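The values are calculated or read from the model by the stated rules, or taken from the named source; none is laboratory data. Just so you know, these numbers come straight off a predicted model, no measurement behind them. Every residue, glycine among them, receives a Cβ derived from its backbone with ideal geometry; neighbour counts consider all protein chains shown. Side chains included, ligands, DNA and RNA excluded: accessible areas come from the protein's heavy atoms. Shrake-Rupley method; radii C 1.70, N 1.55, O 1.52, S 1.80 Å.
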Amino acid sequence: MTRSSWTFPSLKQHTPPPSLSGEPTLGERVADRVASFGGSWRFIGLFALIIVLWLIANSMARAPYDPYPFILLNLVLSCLAALQAPIIMMSQNRQAARDRLEAQHDYQVNLIAEEQVLEIHRKLDEMRAMQIAELVTLQRRQMELLEVIQAAGKPGGDAKR
């Protein structure tokens, strides 16, 4: 049995749904960028700096535009959180959908690999069975030859010396 006669199942091409396989829409690109920036140390540092500057400007001004307890700042922060959270969730949902597709593709590849391994085991078992059959045949032939040799070596045998 030659390697060229071995056949393995082919990997079926998995195509993702159109919404994930093509170019992302403007909203999806914006959501990805907002999530990327909103979850970075740059955002945290910049936001902390803006809040500190806001607090300093309103604490030291003679006529502060947002005096203590900083109600306007609280409103801005609440609005930012209310807008940023759903946008980040949209981006996370798209990433989760991509991850599911990749996991499904990995599963399919693993199934095919398992089938190939099982096929190799089957081929090896066939080869081993053929080799054992050949070995048994050779052993029988050797036993027959040994019997002929033993019969020829006995006194009164028909072997020529």
Taking 0.36 nm per residue of separation and subtracting the Cα-Cα distance, what length does fully extending ILE149 through LEU72 add? 16.6 nm
Placing +1 at every Lys and Arg Cβ and -1 at every Asp and Glu Cβ, with all other atoms neutral, what dipole size does the range 87-129 have around its Cα centre, in debye to the nearest 20? 180
Compute, for ARG128, the solvent-accessible surface of its heavy atoms (probe 1.4 Å) with the complete set of protein chains present, and express it in square angstrom to the nearest 10. 130
If I ignore ligands, DNA and RNA and count only protein heavy atoms, how much of MET89 is accessible to a 1.4 Å probe, in Å² to the nearest 10? 110
